[in-house]
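For reference, the structure is listed below as structure tokens.
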Amino acid sequence: GTIEDRTLTLDDSVRIALGNSQALLSSREDVNIALQRVVETESLFFPSLDLNANWSKFRVENGTPLMLQPALGPTLIPSDPRQNFYTARANIYQSVYEGGRSKNLWRQARISYERTRSANEALQVQVAASAKQVFYDLLFAQEKMRYLRDLLKTRDLPSVREGASLVEQLRLESELALIRTRASESAHAALDAERNYLQTLNLELN
């Protein structure tokens, strides 16, 4: 089937360029990673909680009580325990003094995040500026090509008058040839501008 032509405005061009830029996508991912590192370092300031649950079976020989392993807690098993025995433990750890280690890690992660975010914002400005530049370049090239083509179709072009001298005839022919050359050059320039526009927006050339 046929593909309909798309008419893109300046805002459309900037939006597409920002969405299709591989460098910008990679930069955004770097910002997300840097932000995650900040969150990780912030967790160092909070206590950590460990939970442990066990299910065990024990058999007591000759009615002698059994003391559990230290890892399960100092629990005394009576002479007649249940068939299933459950234990659970919760531990909370809080660092009291680290010599500023956690704070330094957080500060470094924060600096790295701010640097990465600033680089991302600068890249966004650069991509948007490039999209605007190629948009106006293409618009100018198309308008110039259209003007010269319309000029060749009009009757306002200079024509050779009867009785004109040879010098006058040569001058008029030279002007017409110059207009035709510029019209041809403008067509090639419009194609180059369109190709550059599509490449900058990372769109398919077809």
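The values are calculated or read from the model by the stated rules, or taken from the named source; none is laboratory data. Note that the coordinates shown come from a computational prediction; the quantities given were computed from them, not determined experimentally. So basically every Cβ, Gly included, is an ideal-geometry build from the backbone, and we count neighbours across all protein chains shown. To get the accessible areas, we keep the full protein, side chains included, count just its heavy atoms, and leave off ligands, DNA and RNA. Shrake-Rupley method; radii C 1.70, N 1.55, O 1.52, S 1.80 Å.
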* Asked: Do we find that Lys132 is open to solvent by 90 Å² or more (accessible area, probe 1.4 Å) and at pLDDT below 95 in this structure?
  -> no
A careful count of residues in the range 159-203 that are of a type in the set (Val, Ile, Thr), surrounded by 12 or more Cβ atoms within 10 Å (Cβ to Cβ) and at pLDDT below 90 gives 2
Residues of the range 89-105 being in a helix (DSSP H, G or I) and open to solvent by 80 Å² or more (accessible area, probe 1.4 Å), in sequence order, are Arg101, Lys103
- Answer yes or no: is there a residue in the range 1-21 that is within 30 Å of Ala88 (Cβ to Cβ), charged (D, E, K, R) and not in a helix (DSSP H, G or I). no
